[in-house]
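S.K.: Mind looking over this structure? Questions follow.
The values are calculated or read from the model by the stated rules, or taken from the named source; none is laboratory data. Computed from a predicted structure; not experimentally measured. Because the Cβ atoms are built from the backbone with ideal geometry, glycine has one as well, and the counts that use them run over all protein chains shown. The area values use the complete protein model at the heavy-atom level, side chains included, leaving out ligands, DNA and RNA. Shrake-Rupley method; radii C 1.70, N 1.55, O 1.52, S 1.80 Å.
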Amino acid sequence: MKVFCRRGLVVATTVLLVSACGQDPAAEAPPEEPSSTDSASESSSESPSESPSESPSPGEWQDGMLTLSSGGEVYYWCAGEGSPGVLLEAGTDSGGTDAYPTAFTDPLVAQTTVCTYDRPGTGSSDPPPRGRRTLDDLCAVQDEVLAQLPMRPPYVLIGQSGGGNLDIACAARHPKRVAGLVTIDSYHDDPEVLRAEGFVWHDNVEQVDYVHYSEELDTLRMPIGDFPVLIVSATEADPGGEKNQRFWLQLSPQSRQVVIEGPHDLQEVVPDQVVSEVLEDLRAVLG
């Protein structure tokens, strides 16, 4: 069994190894959700998203299923109120509804609307359509999800690992709808290295061609916009991560990088430190 956990990408050949790069199946159960939970969620009694291990505080909660043009459905939750809204993207092959602990989400929920979702093939969402998928496919899903969530542009996009790379690509497509962008240990990947290491689309649950993905990110014209960008880098992930991720400082004239002691999944291990930096950097747009 092979697991690749480098340069912001997580590709597992077995579900048993998903927790190696972010998800924690053993996380403790949260408090009971309020009875007002959407009926779409209630209809799936065995779904792990009914009692998500990393949900926002009860009382702020709404969740359910969103229908995509592909015919599949994705699970989401939202909490809080206000604008600009925040969309959280999880790392590669991870569901967003389980990727961020309450210590990270609650301070954001206290400020504004916060939403996340499980991309097709992850969490409680349906599998993706069969066949090779690219950044165009992933950003099209994000577009459809955003259109159905209870918030309006511009948005603050926050992504961990491969989710940060996805947010960069989608922000480049729609810079005017972005109020701010945060990446959490998201690497600037070398397509040739990924190709040599055997990244192929049919070996990951999202069926994404990550070689093509990284090639497309290399073609972005910098800067992609003039909004605040925060690059959060971990000290205990891949060697050279801090230097590698400096590449993303080109994304905007308002970019800065902060380095935090900890492993790749900083939002889980030191969530208070990460969200403190997020709130500091985005004070102007969240205030």
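S.K.: Within segment 212-239, can you find the residues that are small (Gly, Ala, Ser) and assigned to a loop (DSSP other than H, G, I, E, B)?
M.R.: Gly225, Ala237
S.K.: Among Cys139, Cys170, which is surrounded by fewer than 22 Cβ atoms within 10 Å (Cβ to Cβ), without any contact (Cβ under 8 Å) to a residue 60 or more places away in the chain and of a type outside the set (Gly, Ala, Ser)?
M.R.: Selected residue: Cys139, the only one of Cys139, Cys170 that is surrounded by fewer than 22 Cβ atoms within 10 Å (Cβ to Cβ), without any contact (Cβ under 8 Å) to a residue 60 or more places away in the chain and of a type outside the set (Gly, Ala, Ser).
S.K.: Out of segment 259-287, which residues are outside any helix (DSSP H, G or I), among the charged types (D, E, K, R) and surrounded by fewer than 21 Cβ atoms within 10 Å (Cβ to Cβ)?
M.R.: Across segment 259-287, the qualifying residue is only Glu261.
S.K.: While we're here: Go through the residues of segment 152-160 one by one and say whether even a single one is in a helix (DSSP H, G or I), at pLDDT 95 or above and within 18 Å of the chain's Cα centre (by Cα).
M.R.: No; the residues of segment 152-160 include none that is in a helix (DSSP H, G or I), at pLDDT 95 or above and within 18 Å of the chain's Cα centre (by Cα).
S.K.: Looking at Ser124, is it open to solvent by 10 Å² or more (accessible area, probe 1.4 Å), assigned to a loop (DSSP other than H, G, I, E, B), farther than 20 Å from Val205 by Cβ and hydroxyl-bearing (Ser, Thr, Tyr)?
M.R.: Criteria not met by Ser124.
S.K.: So which of Ile184, Ile231, Ile224 ends up being under 29 Å from Ala147 (Cβ atoms) and either touching a Gly at 6+ places or on another chain (Cβ under 7 Å) or of a type outside the set (A, V, I, L, M) (or both)?
M.R.: Checking each option against the conditions leaves just Ile184.
S.K.: Something else now. Just to be sure, is Ser49 among the small types (Gly, Ala, Ser), at pLDDT below 90 and surrounded by fewer than 21 Cβ atoms within 10 Å (Cβ to Cβ)?
M.R.: no
S.K.: Within segment 93-104, is even one residue in a helix (DSSP H, G or I), out of contact with any strand residue (DSSP E or B) (no Cβ under 6 Å at 6 or more places or on another chain), buried (at least 24 other Cβ atoms within 10 Å of the Cβ) and not aromatic (Phe, Trp, Tyr)?
M.R.: yes
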